[in-house]
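Structure first, then comments.
The values are calculated or read from the model by the stated rules, or taken from the named source; none is laboratory data. These numbers were taken from a predicted model, which means no experiment stands behind them. When we count neighbours, we look across all protein chains shown, and the Cβ atoms used for this are built from the backbone with ideal geometry, even at glycine.
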Amino acid sequence: MTALKPLLDLQQIDTALLQLKHRLARLEERTNLATATTVNNGFKKELIGVNAQLAAAKKDIETLEVANHKCETSIAKYAQQLKTIIAPREAEALQNEIATATAARSANDDRELELLEVVEQFDRQQTELNNQIVKQNEIIEQATHALSAAIAQCEQSQIDLNTKRTTTSSNIDAKLIKLYDLKRNKRTTPAVADLHRATCQSCHLDLSTVELAALKKIVDGELPECPNCDCYLVV
């Protein structure tokens, strides 16, 4: 039964390796980086929308300016023609054309003022989002460094544990390790555990008085097992 004590050490190393693998897959630093990246992507997506609306507003302003230029050209042309017209009807028609062009230009001016306010608003949003993205990029950089450091620490711990495992397993009989591996690969709880008083430290169930007495009667060469979870017991 004393042969199980080194095997218990091996089990503890394997448990530590399993816990390390679990921790590596669920690093808080990894979650922090993912969260920071998601936030930044949100800012970038919002910026794309603002840029599109800003470009559309500026294009509308350009269209209005072109339309106003046509109105001014028309007004100037009609005003020039009005100077040479004698017939009242023709003069009235030209005056109506001038009034129509003037009204259109005035409406365009009002709309352009509205769009200029919209452009100013989008410019502010664009600046704010760009600043947010810069700050978020700094957070991402810090989170990336923190994750790299955490991974490096885990990898070094893994190297140390594997080295310790190699040393420990080299002092254990190969047949015993094979039995241990066969049992360990079939379960999620430890394959080797201590017996603390009457409690198995693998399944955490208490053994009866009869079961404890039976364990004490096991002769050398036999491997005591928990009657509840079938793990090897160091008694």
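Looking only at residues that are among the polar types (S, T, N, Q) and without any contact (Cβ under 8 Å) to a residue 12 or more places away in the chain in segment 138-155, which one is farthest from Thr31 (Cα to Cα)? Let's see the steps before the verdict.
Here is the first cut: in segment 138-155, the residues among the polar types (S, T, N, Q) are 142, 144, 148, 153.
Filter again for without any contact (Cβ under 8 Å) to a residue 12 or more places away in the chain, leaving 142, 148, 153.
Values: Gln142: 13, Ser148: 13, Gln153: 17 Å.
Out of the qualifying residues, it is Gln153.
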Those residues of segment 168-192 that are surrounded by 11 or more Cβ atoms within 10 Å (Cβ to Cβ) and either modelled with pLDDT under 95 or not aliphatic (A, V, I, L, M) (or both) come to a total of 14
Scanning segment 156-193 residue by residue, the ones that are assigned to a helix (DSSP H, G or I) and in contact (Cβ under 8 Å) with a residue 40 or more places away in the chain total 14
For segment 131-154, indicate whether the set of residues that are charged (D, E, K, R), within 43 Å of the chain's Cα centre (by Cα) and farther than 30 Å from Gln19 by Cα is non-empty. yes
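Here's a check for you: in segment 53-93, which residue that is charged (D, E, K, R) and free of Cβ contacts under 8 Å to residues at least 24 places away in the same chain is farthest from Gln126 (Cα to Cα)? Break it down stepwise before answering.
Keep residues of segment 53-93 that are charged (D, E, K, R), which gives 58-60, 62, 65, 70, 72, 77, 83, 89-90, 92.
Then drop every residue that is not free of Cβ contacts under 8 Å to residues at least 24 places away in the same chain, which leaves 59, 62, 70, 77, 83, 89-90, 92.
On the way: Lys59: 17, Glu62: 20, Lys70: 33, Lys77: 42, Lys83: 51, Arg89: 54, Glu90: 52, Glu92: 50 Å.
Only one residue fits best here, namely Arg89.
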Listed by first then second residue, the pairs whose first member lies in segment 1-27 and is in the same structural domain as Asn162 (by TED's automatic domain parsing), whose partner is hydroxyl-bearing (Ser, Thr, Tyr), with beta carbons under 7 Å and at least 6 positions apart or on separate chains, are none
Only one of Asp181, Asp194 is closer than 20 Å to Thr15 by Cα and touching a strand residue (DSSP E or B) at 6+ places or on another chain (Cβ under 8 Å), namely Asp194
For segment 94-117, pairs from a residue that is loosely packed, with under 13 Cβ neighbours inside 10 Å to a residue that is β-branched (Val, Ile, Thr), with Cβ under 6 Å and 6 or more apart or across chains, are none
